[in-house]
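Notes to accompany the following structure.
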Amino acid sequence: MRWETKKFEELSTTELYAILHLRSEIFVVEQNCPYQDLDYSDQKALHLMGYDEEGRLAAYTRLFDKGIKFKEASIGRVVTAAFARGKGAGRSLMEESIHQVYKHFGTQPIRIGAQQYLEKFYGSLGFTTVSDMYLEDNIPHVEMLK
């Protein structure tokens with residue numbers, strides 16, 4: 001996987017289109033969850049993009065410094081393309097996301113709003129559940145902290 005991290009204003013229109021396409025493909029279509037993905041937070045985020053050997057966007061997250069989404073730094077819109085699943089891309093994505101948060105914002109706590117079915121996966125990366133289950137866009141979530 002080839003990783004690139006960019007501020008919103010550094011994204012090309014082609015990169016932004018690929019990001020929005022992947023997020024819509026997974027979060028809206030695959031998960032059958034119509035919601036407003038474009039929330040004006042993209043402009044405040046660092047965008048981590050993972051490309052496969054063919055140059056396709058395979059994995060993506062948004063990274064935030066503390067005080068933007070949560071009191072702590074945060075990782076959001078964690079998404080892996082269907083073609084990249086089952087090959088460790090999700091774990092690599094989260095490991096690189098944590099690394100980039102520390103690199104750009106300093107070593108500090110990281111909070112995520114995790115889909116509850118992925119709680120064990122995030123736990124294996126050092127995150128601990130710190131909230132009760134809540135519904136976000138009708139999908140069970142929990143807050144987790146590393």
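The values are calculated or read from the model by the stated rules, or taken from the named source; none is laboratory data. Keep in mind that this is a model prediction, so the values were computed, not measured. Glycine also receives a Cβ, built like all others from the backbone with ideal geometry; neighbour counts cover every protein chain displayed. Ligands, DNA and RNA are stripped out before the accessible areas are found, and what is left, the full protein with its side chains, is counted by its heavy atoms. Shrake-Rupley method; radii C 1.70, N 1.55, O 1.52, S 1.80 Å.
Contact map, the range 121-146: first residue more than 15 Å from residue 76 (Cβ to Cβ), second residue charged (D, E, K, R) and at pLDDT below 95, Cβ cut-off under 8 Å, separation 6 or more or different chains; the map is empty.
Of all residues in the range 93-146, count the ones that are open to solvent by less than 30 Å² (accessible area, probe 1.4 Å), touching a Phe, Trp or Tyr at 6+ places or on another chain (Cβ under 9 Å) and either assigned to a helix (DSSP H, G or I) or of a type in the set (Lys, Arg) (or both). So the answer is 4. Look at the range 23-41: where a residue is more than 21 Å from residue 8 (Cβ to Cβ) and in contact (Cβ under 8 Å) with a residue 40 or more places away in the chain and a partner is in a loop (DSSP other than H, G, I, E, B) and of a type in the set (D, E, K, R), sitting 6+ places away or on another chain with Cβ atoms under 9 Å, you get 31/137; 33/137. Looking across the range 32-90 at every residue that is among the charged types (D, E, K, R) and under 19 Å from residue 142 (Cβ atoms), the one that is surrounded by the fewest Cβ atoms within 10 Å (Cβ to Cβ) is identified as 71.
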